[in-house]
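Down below is the structure, laid out as structure tokens.
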Amino acid sequence: KQWYQRRVAITAGMAKKKEKTAAKEETVQAVEGELDDEDVGDDNSPEAYSVTGDFAADFNEICKRSELNAVTLKQRSLTPINQGTEVAEGTPVTYVTKEKFEYLKPCIEVEPDEEIKSSIKSLYIKGWKVNAPLLNVLTLAAPQSLTTISLWRCGLDKDSLEALVNMLSKHVVTTLNLDGNPQCAGHFQLLLNEECTLTSLSLRSNKITCNDIIPFAEALANNKSITSLSLHNNAVGDLGTMHIAKGLRMNRVLLTLNLSGNNITDSGSKHMSDILTSLTLTHEEIVARRTLISENKTSLASDESEISRLPTPKHTPSTDHNRGSIHRKPR
């Protein structure tokens, strides 16, 4: 009887040991499977994709990895430069048949780069909702040759505008059109950050009010890149015009400003006319101006010290001449 009880105890102990070993093996396999899944996920993530320079292929692949439906890409149609008066014989060219509802389908019009045909330099979207995930895909797929973005009536909100700002920080975009996006009326100042490379900005028909223009005008005062700004068909009014004029007192870059269709009377026009003539800076403006000049001189001195370390070309008679051609003196 004792022998039988001992045999049963030994058998039960071995069974428990086998169960523990099997449980450990299952746990290890589960952990390894999770790690493999994570590795596969990382390899298939949009951020892990290396762009090839072919915008269409890159865009479709990143959309697939982001689990977004790919949007149709097509080349932007250009108006012929020379249009003759004579009609050539053959196939009629006065009309073109289109697939049903083709004009209602979302599409992205692109203008190819002149040097690299598979790359693009301009991107146009109009008349359909553009959200932040799609802009994140465009940020990853867009080449460095991209210089123009137009998002006309795309229903942009604050989240999508922040995604667009992130896209602008990674590309040297000089022309931006955001006409017809009134949900962003109070957030357009996000575009005028320190990394801004825009030279032309269009914000027409965005229902921008006086309260919306105040932070934008403050950011415009410190902007150093935009030379052309259109605020046509908004609701800035006389008070908003006063804030814009106040911001332009410190701005020395803007050359063209469109304020038509903003309910501006003679009072608002006077604010703008005052900054177009000789003006006297206030004490605060003088301090801010001197600080700006001091910062420019510091950056200029550091640039000149770096240039002085470089070897002087043999054909260059004077380094001072080269420095003057590279840097502009602050006004």
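Derivation of every value follows stated rules applied to the coordinates shown; laboratory data play no part. Model, not experiment: these values are computed from the prediction. Cβ: placed from backbone, ideal geometry, glycine included. Neighbour counts: every protein chain shown.
What translational diffusion coefficient, to the nearest whole µm²/s, does region 115-212 have by Stokes-Einstein, given a Kirkwood radius computed over alpha-carbon pairs, a temperature of 37 °C and 0.692 mPa s viscosity? Translational diffusion coefficient: 241 µm²/s. For the residue pairs Lys246/Lys270; Lys105/Lys126; Lys64/Lys126; Lys129/Lys158; Lys74/Lys117; Lys74/Lys170, the C-alpha atoms sit more than 19 angstrom apart in Lys64/Lys126; Lys74/Lys170. Close amide H pairs (under 5 Å, H built 1.01 Å from N) link Leu73 with Ile108, residues at least 5 positions away or on another chain.
Ranked by the mean number of other Cβ atoms within 10 Å of their residues, highest first, the peptides 233-245, 262-274, 117-129 come out as 233-245, 117-129, 262-274. Looking at region 190-294, the pairs of alpha carbons with a distance over 18 Å make up 47% of the total.
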